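Here is the structure we will look at.
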Amino acid sequence: MAKIILEGFMGSGKSTYGRELAKNLLIKFTDTDGEIEQKNRKTIANIFEDYGEEAFRNMETEYLTEREASLEKYDEVISVGGGMPVRAENRKIMKRLGTVVYLKAEADFLKKRLSGKDNTRPMLAGENKEEKIDRLLAEREEAYLDAADYVLHIDKKDLDEVINELKAIMHGRRKGIREL
Ligand code: S3P
């Protein structure tokens with residue numbers, strides 16, 4: 001089984017699906033944002049505020065680098081922050097760590113999911129949230145696709161359908177089918 005790595009834009013449900021999948025398979029769930037928060041004893045919002053985005057991006061790379069260096073091979077679901085795949089270096093490590101699944105959703109779906117008041121996501125803070133979503137999505141799509149072994153469309157599927165697709169990928173029953 002090994003590791004499945006869930007990537008995708010903010011609001012695509014990486015943590016929700018990841019936690020559910022791990023519970024289902026009785027394996028470990030890891031959320032890179034949560035790990036970085038714990039290590040720094042600060043929320044992501046506070047890390048951005050106190051040290052800036054570049055420092056946070058370095059922490060993300062450092063996290064992946066340490067995970068790879070540890071050489072452990074236990075089964076695990078890892079959900080990575082929405083910006084993690086932007087750096088080519090991170091994409092390479094993600095691919096080496098396990099099977100990468102891009103949880104893909106249309107912009108309108110993500111805008112709805114992200115429409116509430118939310119001060120936990122510094123990348124969307126301030127005015128013109130919808131414009132920011134459009135811009136970041138356009139900037140990142142190529143990176144998400146480049147890292148992905150599978151592209152799983154989530155916006156028209158219920159939780160069970162997504163979990164079943166992920167289980168099939170994890171159990172190797174989906175070899176060769178890239179877009180789901
Ligand atoms: C970010 C996404 C966030 C978090 C940070 C930056 C991004 O994670 O890592 O706020 O640049 O897309 P989620 O995708 O889990 O919200």
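Structural remarks
- You will find that of ALA105, ALA143, the residue that is in contact with a Ser or Thr (Cβ under 7 Å, 6 or more places away or on another chain) and either over 15 Å from THR16 (Cβ atoms) or surrounded by 11 or more Cβ atoms within 10 Å (Cβ to Cβ) (or both) is ALA105 and no other.
Per-residue answers, yes or no, for (1) away from the ligand (no atom under 14 Å from the Cβ); (2) part of a helix (DSSP H, G or I); (3) in contact (Cβ under 8 Å) with a residue 40 or more places away in the chain:
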site	(1), (2), (3)
GLU131	yes, yes, no
LEU136	no, yes, yes
TYR144	no, yes, yes
VAL151	yes, no, yes
LYS157	yes, no, no
GLU161	yes, yes, no
GLU165	yes, yes, no
ALA168	yes, yes, no
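- Residues satisfying the stated conditions in segment 86-120, i.e. modelled with pLDDT of 95 or more, within 13 Å of the ligand (Cβ to nearest atom) and part of a loop (DSSP other than H, G, I, E, B): ARG87, ALA105, LEU114
- Qualifying residue in segment 5-26 (condition: in contact with a Lys or Arg (Cβ under 9 Å, 6 or more places away or on another chain), more than 19 Å from ASP160 (Cα to Cα), of a type outside the set (Gly, Ala, Ser) and more than 12 Å from the ligand (Cβ to nearest atom)): no
- Identity of the residue in segment 1-29, touching an Asp or Glu at 6+ places or on another chain (Cβ under 6 Å) and not in a loop (DSSP other than H, G, I, E, B), that ends up surrounded by the fewest Cβ atoms within 10 Å (Cβ to Cβ): LYS28
- Every residue from segment 27-37 that is more than 12 Å from the ligand (Cβ to nearest atom) and of a type in the set (D, E, K, R): LYS28
- Residue count, segment 40-59 (criterion: over 20 Å from ALA88 (Cα atoms) and either of a type in the set (Asp, Glu) or assigned to a helix (DSSP H, G or I) (or both)): 9
- Residue in segment 38-47 that is nearest to the ligand (Cβ to nearest atom), counting only those that are under 18 Å from the mean Cα position of the chain (by Cα) and under 14 Å from PRO122 (Cα atoms): ILE44
- GLY82 vs. criteria within 14 Å of the ligand (Cβ to nearest atom) and closer than 23 Å to GLU106 by Cα: yes
- Residues within segment 84-95 that are crowded, with 21+ Cβ neighbours inside 10 Å and small (Gly, Ala, Ser), tallied: 0
- Hits in segment 60-76 (condition: in contact (Cβ under 8 Å) with a residue 60 or more places away in the chain and either in contact with a Ser or Thr (Cβ under 7 Å, 6 or more places away or on another chain) or part of a helix (DSSP H, G or I) (or both)): GLU76
The values are calculated or read from the model by the stated rules, or taken from the named source; none is laboratory data. Computed from a predicted model, the values in this text were never measured in an experiment. When we count neighbours, we look across all protein chains shown, and the Cβ atoms used for this are built from the backbone with ideal geometry, even at glycine.
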